[in-house]
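Structure record follows, encoded as structure tokens.
Only the coordinates and a few stated rules stand behind these numbers; no lab work does. Note that this is a predicted model, so its numbers are computed, not measured. For neighbour counting, all protein chains shown are included, and Cβ atoms are generated from backbone atoms with ideal geometry for every residue, glycine included.
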Amino acid sequence: MAITQAMTTSFKVEILNGIHAFGTTVVRGATTPDTFKIALYTSSATLSATTTAYTTSNEVATAGNYVAGGNTLTTVAPTSSGTTAFLDFNDTTWSNATITANCALIYNSTQGDKAVAVLAFGGDKTSTAGDFTIIFPTADASNAIIRIA
């Protein structure tokens, strides 16, 4: 199985087609952002730039506060610096959870669970009856989790 960190190719096309709404600007007649979630996966998962949607295949097992589908993310409004636009999500935690995860998938649950990005952890990360936290990088033009340069 292969896990490759990437912003998914389908997401890049969908951005150009106006499918995803991250901020509060009117998009598709709505002024509220879409709901983005993050799910965790085992090392047996196959996720990469070609992933198009959330899947339960090789998602970590429900344990403690982890449930299928993962956590809902809080989006930090899109902004820019210089010629780069970017956005971030607040860190997210599953507390009191026993989890072994090798990667995560950010996806848009409002828009049919369309995939946004695969986050490879570089190996298994584990929590045992404790906190499992995803810490997103600094929200700036060089480091934000989603950047368009």
**Request:** Give a residue-ordered list of calculated ³J(HN,Hα) values for region 52-69 (Karplus: 6.51 cos²θ - 1.76 cosθ + 1.60, θ = phi - 60°; whole Hz; x for Gly, Pro).
**Result:** 10, 7, 4, 9, 8, 5, 6, 6, 4, 6, 4, 7, x, 8, 8, 10, 3, x
**Item:** Derived scalar couplings ³J(HN,Hα) [region 125-138; Karplus, 6.51 cos²θ - 1.76 cosθ + 1.60; whole Hz; x for Gly, Pro]
**Value:** 10, 10, 10, 10, 6, x, 7, 10, 10, 9, 9, 7, x, 3
**Request:** In whole Å, largest first, what are the principal axis extents of the Cα atoms in region 6-148?
**Result:** 41, 27, 25
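Ranked from highest to lowest mean number of other Cβ atoms within 10 Å per residue, what is the order of the peptides 122-129, 105-112, 90-97, 44-51? Spell out each step's value before the answer.
Numbers: 122-129: 11.9, 105-112: 20.4, 90-97: 15.5, 44-51: 18.1.
For the peptides 122-129, 105-112, 90-97, 44-51, the packing ranking is 105-112, 44-51, 90-97, 122-129.
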**Asked** Which aspartates and glutamates does LYS114 reach when only Cα atoms under 15 Å apart count, and residues fewer than 8 places away in its own chain are ignored?
**Response** GLU14, ASP34
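Taking the Cβ-Cβ separation of ILE148 and PHE121 as r and a Förster radius of 25 Å, what is the calculated FRET efficiency to the nearest 0.05? Please list the in-between numbers first.
Working: r = 24 Å, r/R0 = 0.96.
In this case the efficiency is close to 0.55.
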**Message:** Please list, by residue number, everything in region 34-48 whose backbone N is under 18 Å from a paramagnetic label point 7 Å out along Cα→Cβ of LYS12.
**Reply:** 47-48
**Request:** Compute the label zone of THR56 within region 106-129: residues whose backbone N is under 19 Å from the point 7 Å along Cα-to-Cβ.
**Result:** 106-115
**Request:** Could you check what % of the DSSP bridge pairs in region 2-92 are antiparallel, to the nearest 5?
**Result:** 90 percent
**Prompt:** What is the Cα centroid distance between region 72-95 and region 98-149, reported in whole angstrom?
**Reply:** 11 Å
**Asked** Where q = 0.13 Å⁻¹, what log10 of I(q)/I(0) comes from the Debye formula for region 85-149, counting one point per Cα?
**Response** -0.44
**Request:** Extending each Cα 7 Å along its Cβ direction at THR138 and THR4, get the distance between those two points in nm, one decimal.
**Result:** 2.9 nm
**Computed lengthening from ALA49 to THR35, 0.36 nm per intervening residue step minus Cα-Cα distance** = 3.0 nm
**Request:** With only Lys, Arg, Asp and Glu charged, each at its Cβ (+1 for the first two, -1 for the last two), find how big the charge dipole of the chain is about the Cα centre; round to the nearest 20 debye.
**Result:** 240 debye
